[in-house]
Each structure stands twice: as structure tokens, then as C-alpha cells.
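Every number in this text was worked out from the coordinates using simple rules, so none of it is lab data. Worth saying up front: this structure is predicted, and the values here are computed from it rather than measured. Here the Cβ positions follow ideal geometry from the backbone for every residue, glycine too, while neighbour counts run over all protein chains shown.
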Amino acid sequence: MIIDFHTHIFPDSIAERSMDFLQKQGNVRAATDGTLSGLKKSMKDNHIDISVVLPVMTRPSQFDTINRFAAEINGKDGIISFGGVHPDTDDYIDNLNTVKSLGLSGIKLHPDYQETYVDDEKMVRIIRYASELGLIVSLHAGIDIGLPDTVYCPPRRAANMLKQIDEPNARIVLAHMGGYKQWDEVEEYLVGRNVWFDTGYCVNKIPAGQLGRIIKNHGADKILFASDCPWEGQQESYEFISKLKLSEDERDGIFFRNALNLLGI
Ligand SMILES: [Zn+2]
């Protein structure tokens, strides 16, 4: 079984436009056309059983559209969609109650696209209340290749956020092995903390030795296989993680068991 804990899609009506824009902005080539059917095809081709879809909300006004779409696709054909909340919302409590009532398992926050530091009170209160509701919180972490100038979730600030949450049952996921292209800081501030890392967009980006060391020191039970598809192909992600020297138990944990535990499946 394989679960990909970090994927993106867009509704069909805006997929082409959004994908054109994002590919130019990040100077990258996407692995799918960014649609739901494109993701499902990739899952079928690469034997991925479940993909967790993470919507990136760039404006508070997108709350209804994004969460309605998430609820529509959630739980069907191997798709588990998280919802979204924007830190500049007027009513984060009402927003999070709505996400919960729609039956979604978690929320995605993107500090860079939401221009809010991860340890800003506006983020912290959302993460804290989401955790109280039992929602998983998945965060972009480290440098964003589309918006590299200011890093809104560097490991040092992520550690500061974790300290403020103080909720033992919080289930917080930091994407890109805790902080894209900031892995020395990940080792300094985050390894060993009560937080999960996903492997999204790491193929040939993170030195293999450092990746192995982070997994060993952090604990393989808190690592989630992820591609960040369409920004990385599910096939190349699978091959990259498969090549690591891991025990069978660690491999099973990373590829599906940790995700099943987190999702409560
Ligand atoms: Zn992503």
C-alpha cells in the first residue's frame, strides 16, 4: 500500500490557467495537468492507493469555494482532501468548525502564500484550535521556489510555533522534510520534536546522507511519504524514498502506516 500525503489539484475550470502561471513562476514542469482526473491517472499508473490533497488558500474570500470543492472530492476514489483556512479570516473559529463539520480530516496552511509567519498569533491560534478539534494541520515549510525572498516558515519559527501550541494530541505536519532547503536548521531546531515531516519535493534536492540522518534521528514513525505532485512525479518520489536504507518496518511506516495512524483509518 502507498499513501501520498501531499498533492495538489485545481478545479477543472481554473486548472489550466493556474498551472501555466505556477509553472512559469517557479520555473518548473508539472507532472500532471493539475486536475483531479490527472492526479487519479498518476495514482493508477504508479500504484498509489491514497492521495491527500492540500488546497492552498491565497485569499480569505476563497474559503467557501475551496472547502466546498474539498468536501465534494473527499473520501472518493482514494482521494482524501484537507480543507483550508486563511490567517486573515474574520472568524477562524467559525471557519474551523465548518471544516470539521464538512467531515474533512485536516487543513493546509501555506505561510508564504498567506504572507504570515508560522509563529504569528494569527497562525498559532488557527493551529491550536484545529488541534483541539482533532484536525491534522499540514504546513508548507522552508523556502518556496515560487516565492523565495521571504521565508515565512523557517525551522526556527516552526519550533517557536510548536512551543506555543502545547497540545499533546496536536498532529502537525511540516512539508518538505521540515523546511525546504533549510535542512541544517531542521536538524538544529526540529528533529526529535512532536511533529511529522513529509518527503514532498525532495527528490535529488536533499543530500541522501542528510535525509537518512534526519529520518533516523527524528524517528521513521514521524515521516510521511509525499510527492507534492504535480510539482514532483509520484513515480520519481517513490523511487527516491525506496532507495533509502530502511528496515521493512520503517519503509511500511513511511509509505503508509504512519499516514493511516494519523488519518485514523
Ligand atoms: Zn505543496
Highest average packing first - 155-167, 218-230, 137-149, Cβ atoms within 10 Å: 218-230, 137-149, 155-167
Amide H contacts under 5 Å for Arg193, placed H, 5+ residues apart: none
Whole-percent pair-distance distribution, where bins are 5 Å wide, for the alpha carbons of the chain: 1, 6, 14, 19, 21, 19, 13, 5, 1, 0
Unsatisfied cross-links (Cα-Cα over 20 Å) in the set Lys24/Lys44; Lys40/Lys243; Lys122/Lys163: Lys24/Lys44; Lys40/Lys243
DSSP-assigned coil residues among trypsin sites (Lys or Arg not before Pro) in the stretch 23-55, each with at most 11 further Cβ atoms within 10 Å: Arg29
Amide H contacts of Cys229 (H built 1.01 Å from N, under 5 Å, at least 5 apart or other chain): His8
For the stretch 61-189, Kirkwood radius (reciprocal of mean inverse C-alpha pair distance, Å): 14.9
Gain on full stretching of the segment that runs from Arg59 to Ala208 - 0.36 nm per residue minus C-alpha separation: 50.0 nm
Proximal aspartates and glutamates relative to Lys222, as straight alpha-carbon distance under 19 Å, when same-chain residues fewer than 8 apart are discounted: Asp4, Asp166, Glu167, Asp184, Glu185, Glu187, Glu188, Asp198, Glu248, Asp249, Glu250, Asp252
Computed label-point distance, nm, for sites Gln235 and Asp184 using a 7 Å Cα→Cβ extension: 3.6
Fraction of beta bridges assigned by DSSP in the stretch 74-202 that are antiparallel (%, nearest 5): 15
DSSP-defined beta bridges in the stretch 3-263 - what % are antiparallel, rounded to 5: 10
Part-to-part distance (alpha-carbon centres) for the stretch 133-155 and the stretch 1-64, which is given in Å: 17
Cβ-placed point charges (K, R +1; D, E -1), dipole of the chain about Cα centre in debye, nearest 20: 360
The stretch 144-222: relative contact order as a whole-number percent, Cα under 8 Å and 6+ apart: 30
